[in-house]
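Written out below as structure tokens is the structure these notes cover.
The values are calculated or read from the model by the stated rules, or taken from the named source; none is laboratory data. These numbers come from a predicted model, not from an experiment. Positions of Cβ are backbone-derived with ideal geometry, glycine not excepted, and every protein chain shown enters the neighbour counts. To get the accessible areas, we keep the full protein, side chains included, count just its heavy atoms, and leave off ligands, DNA and RNA. Shrake-Rupley method; radii C 1.70, N 1.55, O 1.52, S 1.80 Å.
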Amino acid sequence: MTVLPTTIAPTTTPSTATPAAARIDAVRRFNRAYTRRIGLLQSGMVGTAFSLTEARVLYEIGRAPGTTATAIAGALGLDHGYLSRILKRFEKAGLVARNPSPADARRSLLTLDRAGETAFATLDHRSAAQVATLLAPLAEADQQRLVEAMDTVESLLASEPPASPALVLRPHRAGDMGFVLASHGASYAAERGWGPAFEALVADIVATFLRNFEAERERCWIAERDGVPVGSVFLVDGGGGVAKLRLLLVLPQARGLGLGRRLVDECVRFARDCGYRKVSLWTQSILDEARGLYAAAGFTLVRQEPHCTFGHDLLGETWELDLGAPAEAAPPPSMRR
């Protein structure tokens, strides 16, 4: 008689696993951890009698009243027969109603009955509370990191290419200068090791801008990506027909989208429309990406001076863009979005 082994040896060991196998294991490990963490292994969603699939079907109808079974099956990747059985149970329980489409009587439009609206509200409220509890132990910065990581997972696994992120340039408003100071201080400390001296310089520039702001000839633009601030730039009056471009910054999560170029171009356009004869800026020789943006916009390097302002030996650079003769009575442009 042949005795079968009681265990099956893995086909690979950690030392022999291929990179592809390691990636597969990592994704499966994440799936196990995440499904356990949010309670998907329990018998009902967020303490209700609904399974995960039933809750998602109810959510689709509650989110888009008048939807169809075909649309739900496509959105959730469900078998039509399986979905039909769920909908029949919902109808029998008084959760969902079917009504003929005015455009095509052969099609049924799905809506929630009163009991369905109550169930939907309960699921929605409890799900939101569950996520709030999940996020509560994390610092705000870690919560943002988590959201950005989830966005990355969603976009990489999307069946269709993700839509281009909504990038908007808007004028500054109350509270924005806190973002400018914090984002500059944190970004340059992390990426360049520049400490309090640099942050103090940014604070001085911001304070001077607020004290002396001339709305007709100066601007601060805040760049937002899907409603979240991700960049900034200032154009201020330097006197003698010269405008100064200051505090250009694009945060890492918004780089590679052409935002830096848009911010520089907006400064140049505004300066030209306001009748400035020149735009000047001060940067550092090690900031290659910013220098590339300035060169592409037509700025030329006119002066270099070594300094140790931020606790590091640096080579400061002055760049200038000649705009020609001042325009006659050029009206200040309205803020473009």
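Points worth noting:
- Near-label residues of region 82-101 by backbone N, under 15 Å of a point 7 Å along Cα→Cβ of Gln42: none
- Taking the longest Cα principal axis of the chain as reference, the axis of helix 196-212 is set at about 80 degrees.
- Diffusion of region 65-140 by Stokes-Einstein, at 20 °C in a medium of 1.002 mPa s and with Rh set to the Kirkwood radius over alpha-carbon pairs, works out to 150 µm²/s.
- Relative to the longest principal axis of the Cα atoms of the chain, the long axis of helix 176-192 lies at roughly 90 degrees.
- Largest to smallest accessible area among His125, His184 [probe 1.4 Å]: His125, His184
- Per DSSP, loop trypsin sites (Lys or Arg not before Pro) in region 157-248 with at most 15 further Cβ within 10 Å: Arg173
- With all pairs of separate Cα atoms included, region 110-235 yields a Kirkwood hydrodynamic radius of 18.5 Å.
- In the chain, Cα pairs under 8 Å separated by at least six residues give a relative contact order of 10 percent.
- Low-density loop positions, GluC sites (Glu not before Pro), region 149-219 - DSSP coil, at most 15 other Cβ in 10 Å: Glu214, Glu216
- Helical contribution to [θ] at 222 nm, DSSP H n ≥ 4, -39,500 (n - 2.57), averaged over the chain, rounded to 500: -14500 deg cm²/dmol
- A simple spin-label model places the labels of Gln143 and Ala115 3.7 nm from each other, with each point 7 Å out along Cα-to-Cβ.
- Qualifying lysines (Cα of each under 18 Å from Cα of Lys278; at least 8 residues distant if same chain): Lys244
- For Lys92, a cut-off of 18 angstrom between C-alpha atoms picks up these aspartates and glutamates, skipping any fewer than 8 places away in its own chain: Glu54, Asp113, Glu117.
- Estimated inter-spin distance, Trp282 and Arg89, nm [label 7 Å along Cα→Cβ]: 7.0
- Of the peptides 26-36, 45-55, the ranking by mean beta-carbon count within 10 Å, highest at the top, reads 45-55, 26-36.
- Accessible area (Å², 1.4 Å probe, nearest 10) - Cys308: 70
- The calculated FRET efficiency for the pair Ala103 and Leu76, based on their C-beta separation and a Förster distance of 22 Å, comes to about 0.40.
- As a ratio to 2.2 N^0.38 Å, the alpha-carbon radius of gyration for region 21-117 is 1.30.
- Pairwise label distance in nanometres, Arg173 with Val302, each label 7 Å out on the Cα-Cβ vector: 3.7
- For the chain, the fraction of C-alpha pairs farther apart than 32 angstrom is 54 percent.
- Each residue was assigned an accessible area with a 1.4 Å probe, and for Leu157 the value is about 140 Å².
- Rounded tilt (10° steps) of 140-156 against the dominant C-alpha axis of the chain: 70
- Computed from the Cβ-Cβ distance with R0 of 45 Å, the FRET efficiency linking Leu134 to Thr309 stands at 0.55.
- Here the calculated FRET efficiency for Ala197 and Thr318, from their Cβ-Cβ distance with R0 = 22 Å, stands at 0.65, rounded to the nearest 0.05.
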